[in-house]
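All remarks here apply to the structure that follows.
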Amino acid sequence: MNRPIDAAFVGGIELFEELPEPLRADLAAVAERRSYVRGEVVFEEGDARVEFLRIVSGRVDVTARRFDGAEDHLVSYGPAETLGEGVLLEGSMHSSTGRAGVDTVVVAFPRAELVRILRENSEGRAIVLGAAVKILTRRLDQTATVDQAEVRQFTTGKHRAESDSLGPMEVPFDAYWGAQTQRALDNFQISSQRLFDFPTLVRALAAVKQAAARANRDCGALDPVVAEAIDGACEELRSGKLLRQFPLDVVQGGAGTSTNMNVNEVIANRALISMGYSKGEYEHCDPNDHVNCSQSTNDVYPTAIKLAVADSNQGLVEALELLVASLRHKAVEFARVTKIGRTQLQDAVPMTLGQEFGAWAHSVEREVGALRAVREHLCVINLGGTAIGTGLNAPKGYAARAVGHLRELTELPLSLAEDLIEATQDTQGLVLYSGGLKSLAIKLSKICNDLRLLSSGPRAGLAEIELPAVQPGSSIMPGKVNPVIPEVVNQVCFRVIGADMTVTMAAEAGQLQLNVMEPVMALAVLESQSMLEKAVRTLALRCVDGIVADVARCRDYVERSIGVVTALVPRLGYDLCAELAKEAKRSGRGIVELVRERQLLDGAELEALLAPDGMTGPSANGR
């Protein structure tokens, strides 16, 4: 039965909890209960904020649109959580889109009524505005779209005392992380890449911890109440919340221990809050004893990296399929455009422009298949092996249960490695996948090289195709337009190829029972995936889709080319065709012109032999 919308209901909403009861009753009177089916839009990016929402049941997934129309998941909100505090601001617009992740019920407070009620009561207005500032400040730590400097502007500046095995440590009061994360923050200021820059990795780590908590509960190694609190905290992290609580540099010493402890500390403190305790009261939920129970960095971190890469692979594959579709479309569009093929940058034999684009499409398609195949290696994990693969400190049956729970959470075909000692020290999955990215980068770079060559000109180059003009090309040469999209994709490919060498060297640097270099391997692969996905989408949407052919120029090259003589060999013979080729080269005249002058073939037969189908495919009487 639905709870009535009354003053008590309104008082349970953080934004309104300090309001006097008469004001809460006024707000209850204007509120509206609303239902959404899964996938239905709750609010749309770019629309005016017209209501404040409180979720009664279900889930609202918040996403942001990218340039290519795809959407990035930012965060999800569930029962008792609120959305739209910005409705209090005049002229406020939605900067993201919210959809029902499942069938969802919300209570909506219309902006017009909310503003009217608060305008008539200055005390109530001050209370609500103060609560809104508090909520929005906290929310800065929960989004993937706010710069770290912005977060600091809204923190209290206070600290709390924590300690680890090295002694006491001051931690920002607002932070969910603890002493070990704070030490790592001080130690590792190496790159500009932070854990929160890779949400898939944070989600993967949370999934591993969630699976571990469930397995430990099943095995009796963890109190069910603590396990439930840890599970809930992990679910929040997997939904995108508290992402800014992972500020560590991805590049770090210690084989990922700092990252593992960052996750352990955030989960422990979030679990403590949910159980009614304060941050740091670790006797009730400890980062090591409870969150990290039956685990080691050496099985958690490699497993999470594999999950993150496997997850990110889907976005890359979708981008590649978009590029394949774009190339296939152009292959059909240009199917009757005859052009001259080239080998070693010299004229070869005729082909169609459609065949050229079709070959590129097939090349990319093969790389998609290769990435899908190598992804299987990422699904073999060592979770449960603990420190070196022997499973020390993990209860009997834990590994199988943990992998089972993780398989259910991620919906990936995960399996436990046959030899956990070997799997703990081995990085084959990342090496193979990085090699797949390198192979893809080589193919993409070659395609972009071809696009740049074929579009060179416009007057003194090949100019067989024209790329869409996306920006002016020169600060000194008026009217110049450059092939900037293929150029940027080339550069991304160079980075990816270099990153593969990083992975190679890091994999080779493993010693004895562990490879401590996995942090830089994770950065190299995840960054390559991200850059490639964006570059591929850009290539498809801002370049390939807008390419046009210069049909006349393509045909002119064919007619003036000596290479076209090859199409006449089945009819005129090799020796006569060789003689024609020499004469054409000596005189500068075209093969077609010479054939017509000598009347070697009548017009109809010559046209038939030089037709696209005749020149660009197997000949019935060819040799």
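Rank the residues Lys582, Lys279, Lys339 as a footprinting-exposure proxy: fewest other Cβ atoms within 10 Å of their Cβ go first.
Lys582, Lys279, Lys339
Taking amide H atoms as placed 1.01 Å from N in the peptide plane, list the residues 5 or more away in sequence, or in a different chain, whose amide H sits under 5 Å from that of Thr352.
Lys339
Give the order of Val263, Val106, Val41, Val484 when sorted by the count of other beta carbons within 10 angstrom, beginning with the fewest.
Result, fewest neighbours first: Val41, Val484, Val106, Val263.
Given R₀ = 60 Å, what would the calculated FRET efficiency be for Val484 paired with Ile421, taking r from the Cβ atoms and rounding to 0.05?
0.75
Over 10 Å intervals from 0, what percent of Cα-Cα pairs in the chain sits in each interval?
Histogram of Cα-Cα distances, whole percents per bin: 3, 14, 19, 19, 16, 12, 8, 5, 3, 1, 0.
Which percent of Cα pairs goes in each bin when the distances of segment 394-522 are cut into 10 angstrom slices starting at zero?
Reading the bins upward from 0: 11, 24, 23, 17, 13, 9, 3, 0.
Treating segment 279-404 as a set of equal point scatterers at the Cα positions, no solvent, please give the Debye-formula log₁₀ I(q)/I(0) at q = 0.11, 0.12, 0.13, 0.14 Å⁻¹.
Debye output, listed in q order: -0.62, -0.66, -0.71, -0.76.
Working out 0.36 nm times the residue gap between Arg586 and Arg34, then minus their Cα-Cα distance, what length gain in nm do you get to one decimal?
190.5 nm
Taking the Cα centre of the chain as the origin, how large is its charge dipole in debye, to the nearest 20, when only Lys and Arg (+1) and Asp and Glu (-1) carry charge on their Cβ atoms?
Computed charge dipole of the chain: roughly 1560 debye.
Kindly state, as a whole number, the per residue volume in cubic angstrom of the convex hull around the alpha carbon atoms of segment 168-293.
98 Å³
For the pairs Lys158/Lys241; Lys134/Lys209; Lys306/Lys446; Lys134/Lys241; Lys279/Lys396; Lys306/Lys534, flag any whose C-alpha to C-alpha distance is greater than 24 Å.
Lys134/Lys209; Lys306/Lys446; Lys279/Lys396
Could you tell me the extents of segment 561-615's C-alpha atoms along the three principal axes, largest first, rounded to whole Å?
29, 19, 17
Can you compute the charge dipole magnitude of segment 168-293 about its Cα centre, using +1 on each Lys and Arg Cβ and -1 on each Asp and Glu Cβ, nothing else charged? Give it in debye, rounded to the nearest 20.
In debye, rounded to 20, segment 168-293 gives about 400.
Looking at the P(r) of segment 7-149, how many percent of alpha-carbon pairs lie beyond 25 Å?
Tail of the P(r) past 25 Å holds 26 percent of the pairs.
Using bins 5 angstrom wide from zero, how does P(r) for segment 276-335 break down, in % of all Cα pairs?
4, 14, 11, 10, 10, 10, 9, 7, 6, 5, 5, 4, 3, 2, 0
Coordinate-derived values only; no laboratory data. All values reported here derive from a predicted model rather than from experimental measurement. As a convention, Cβ positions derive from the backbone with ideal geometry for all residues, glycine included, and neighbour counts pool all protein chains shown.
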